[in-house]
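Computed from the coordinates by the stated procedures, all read-outs in this text should not be read as laboratory data. Quantities reported herein were computed from a predicted structural model and do not represent experimental measurements. So basically every Cβ, Gly included, is an ideal-geometry build from the backbone, and we count neighbours across all protein chains shown.
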Amino acid sequence: MSFSSEIKQELSKINNLNKKKELKYELLGYLISNNPKVMARNKIKYSTENEYNINRFSKILTNLKIQYKIEMDGNLFVITFKAKDIDFIEIKENKILIADKFLNSNKLENENINSKNPKKEEYKLKNENRRR
């Protein structure tokens, strides 16, 4: 088994399926990879050769209550689902974008986490804005 396959197998065993927020971030990771494609009628198609990847992806979708369909296309596992079922992404010009409301809500949470030292968070945000 290749190193990449071993890593994917290990990741597929992570037991955080009851933590919706972590699953949303993991789903975003899948969606910003090169694998998903936006199809007609704003459906998203995710393809992979790796069985561990597709199993993990399907568990994430199931736990987030997103309906999907799995098929085989040659040696590829393919999951198709509707973009509208994911409230924290948007589709524009056949590209998957992270919705501003999701990003902004997480900024607020980060500020609350660091509320013991709000100047530290403010400084961090200012520096991030300078880099852009």
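Here are the numbers for this structure:
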quantity: Over 27 Å between alpha carbons, listed pairs Lys20/Lys82; Lys20/Lys45; Lys37/Lys101; Lys13/Lys45; Lys8/Lys92; calculated: Lys8/Lys92
quantity: Label-point separation in nm, Asp85 to Asn15, each point 7 Å along Cα→Cβ; calculated: 2.7 nm
quantity: Segment 1-61: trypsin sites (Lys or Arg not before Pro) in DSSP loop, at most 13 other beta carbons within 10 Å; calculated: Lys13, Lys19
quantity: Spin-label model distance (nm) - Glu71 vs Lys59, 7 Å beyond Cα toward Cβ; calculated: 2.6 nm
quantity: Shape of segment 3-98, Cα gyration tensor, a/c cut at 1.5; calculated: oblate
quantity: Karplus 3J(HN,Hα) series, Hz, for segment 35-50 with 6.51 cos²θ - 1.76 cosθ + 1.60 (x for Gly, Pro); calculated: 6, x, 10, 8, 9, 4, 6, 6, 8, 10, 10, 10, 10, 7, 8, 8
